[in-house]
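Everything below concerns the one structure shown next.
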Amino acid sequence: MDSIGEKLREYRRKRGMSRKSLAEGICDESTLYRIEKVAQEPQLYTLRQLCKRLGIPLTHILSTHDQGTSIFISSLKHLCRKYVYERKFKDLDILINSIEKENHRLIHSDLDFSRFIEWHKAILLHEMQNDLHQSIKLLTKLLPAKGLITETDLGIANSIGYLYIELQEYNRALETFHMILNMYDEFPAIEDKLLYVRIVYNTIYTLYYLDHFDEAIKLGERGTVKKVV
């Protein structure tokens, strides 16, 4: 079972429930039918209610938990980043809350995953509560003292730089992005294929506001080459 719809159908059948009884008060029966047939992507709020009625964790439906812990974590990370890139912050909030509630032990046993969750809570603090300064404060505490070590560190640093842009502190933003770019090539593999593009875009945006046009053009050319490779 790979898709959300297939998992829902399997668990519904295991519980001996009809589509009508599962969908009642949550969504139309026809909507559930399309979800199970993988013809419609469910809203996360709807999916959470369906999972609650089935008595199963939301994160179990969303991920490939049966394939191992590392893949389970990777799939949850991917979904978090997807919601950030699509600016679906209400969905991200639901997902983060579900992860913390349903996978408490896993979070505390994996330091990088724990920091990943705190990173996205700081993003939500900015996007949903508009508290930029507190968000930067939390993100700064998450960065290791000895430089950027993991892919999560790169993402956290990029978020800090982005928030400095929001605060119009362009010199501090540029300092942050330069730090990231100077260390980026030392990372052998990055799962988030959009991360480098976003870092380069944010850096060029900052350079533009500081009138560093030549450096912005050179970085744009470098970014294009790296993306093609």
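Does Phe187 qualify as being out of contact with any Leu (no Cβ under 6 Å at 6 or more places or on another chain), in a helix (DSSP H, G or I) and surrounded by 13 or more Cβ atoms within 10 Å (Cβ to Cβ)? It would help to see each step written out before you state the result.
Numbers: out of contact with any Leu (no Cβ under 6 Å at 6 or more places or on another chain): yes; in a helix (DSSP H, G or I): no; surrounded by 13 or more Cβ atoms within 10 Å (Cβ to Cβ): yes.
Taking the combined requirement at face value, the residue does not satisfy it.
Among the aliphatic types (A, V, I, L, M), under 19 Å from Val84 (Cα atoms), over 17 Å from the mean Cα position of the chain (by Cα) and surrounded by 13 or more Cβ atoms within 10 Å (Cβ to Cβ), is that true of Ile165?
Working: among the aliphatic types (A, V, I, L, M): yes; under 19 Å from Val84 (Cα atoms): yes; over 17 Å from the mean Cα position of the chain (by Cα): yes; surrounded by 13 or more Cβ atoms within 10 Å (Cβ to Cβ): yes.
The answer is yes for Ile165.
With Gly220, Gly155, Gly161, Gly147 as the choices, which residue is under 30 Å from Lys101 (Cβ atoms) and small (Gly, Ala, Ser)? Don't jump to the end; show me each part of the working.
Numbers: Gly220 fails: under 30 Å from Lys101 (Cβ atoms); Gly161 fails: under 30 Å from Lys101 (Cβ atoms); Gly147 fails: under 30 Å from Lys101 (Cβ atoms).
Sole residue among the options that is under 30 Å from Lys101 (Cβ atoms) and small (Gly, Ala, Ser): Gly155.
Regarding the range 190-198, can at least one residue be identified that is surrounded by 15 or more Cβ atoms within 10 Å (Cβ to Cβ), part of a helix (DSSP H, G or I) and touching a residue at least 40 places away in the same chain (Cβ under 8 Å)? Step through it out loud before you land on a result.
Restricting attention to the range 190-198, the residues satisfying the condition of being surrounded by 15 or more Cβ atoms within 10 Å (Cβ to Cβ) are 192, 195-196, 198.
Next, only the ones that are part of a helix (DSSP H, G or I) stay: 195-196, 198.
After this cut, where a residue has to be touching a residue at least 40 places away in the same chain (Cβ under 8 Å) as well, the list is 195, 198.
Checked against the condition, which is being surrounded by 15 or more Cβ atoms within 10 Å (Cβ to Cβ), part of a helix (DSSP H, G or I) and touching a residue at least 40 places away in the same chain (Cβ under 8 Å), the range 190-198 yields at least one hit.
With respect to Glu100, determine if the residue is among the acidic types (Asp, Glu), assigned to a helix (DSSP H, G or I), outside the structural domain of Arg198 (by TED's automatic domain parsing) and without any contact (Cβ under 8 Å) to a residue 24 or more places away in the chain.
yes
Contact list please: Cβ distance under 6 Å, first residue in the range 6-27 and more than 14 Å from His60 (Cβ to Cβ) and without any contact (Cβ under 8 Å) to a residue 40 or more places away in the chain, second residue β-branched (Val, Ile, Thr) and not in a loop (DSSP other than H, G, I, E, B), pairs at least six apart or on different chains.
Cys27/Thr46
Ile73 fails exactly one of the following numbered conditions: (1) surrounded by fewer than 20 Cβ atoms within 10 Å (Cβ to Cβ); (2) in contact with a Phe, Trp or Tyr (Cβ under 8 Å, 6 or more places away or on another chain). What is the number of that condition?
That leaves (1) as the condition not met.
Just to be sure before I move on: is Asn130 without any contact (Cβ under 8 Å) to a residue 24 or more places away in the chain and outside the structural domain of Thr206 (by TED's automatic domain parsing) in the structure I sent?
Details: without any contact (Cβ under 8 Å) to a residue 24 or more places away in the chain: yes; outside the structural domain of Thr206 (by TED's automatic domain parsing): yes.
In short, yes.
Rundown of residues vs (1) hydrophobic (A, V, I, L, M, F, W, C); (2) at negative phi; (3) touching a helix residue (DSSP H, G or I) at 6+ places or on another chain (Cβ under 8 Å), yes/no style:
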residue	(1), (2), (3)
Cys80	yes, yes, yes
Ile99	yes, yes, yes
Ile123	yes, yes, yes
Lys137	no, yes, no
Glu151	no, yes, yes
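Looking for something free of Cβ contacts under 8 Å to residues at least 12 places away in the same chain, more than 19 Å from Glu102 (Cα to Cα) and of a type in the set (D, E, K, R) - is there at least one such residue anywhere in the range 71-85?
yes
Let's see how each residue does on (1) among the hydroxyl-bearing types (Ser, Thr, Tyr); (2) closer than 23 Å to Ser74 by Cα; (3) in a helix (DSSP H, G or I):
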{"site": "Phe116", "(1), (2), (3)": "no, yes, yes"}
{"site": "Trp119", "(1), (2), (3)": "no, yes, yes"}
{"site": "Ala145", "(1), (2), (3)": "no, no, no"}
{"site": "Thr152", "(1), (2), (3)": "yes, yes, yes"}
{"site": "Gly155", "(1), (2), (3)": "no, yes, yes"}
{"site": "Gln168", "(1), (2), (3)": "no, no, no"}
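The values are calculated or read from the model by the stated rules, or taken from the named source; none is laboratory data. From a predicted model like this one, the values you see are computed outputs, not experimental measurements. Note: ideal-geometry Cβ built from the backbone for every residue, glycine included; neighbour counts use all protein chains shown.
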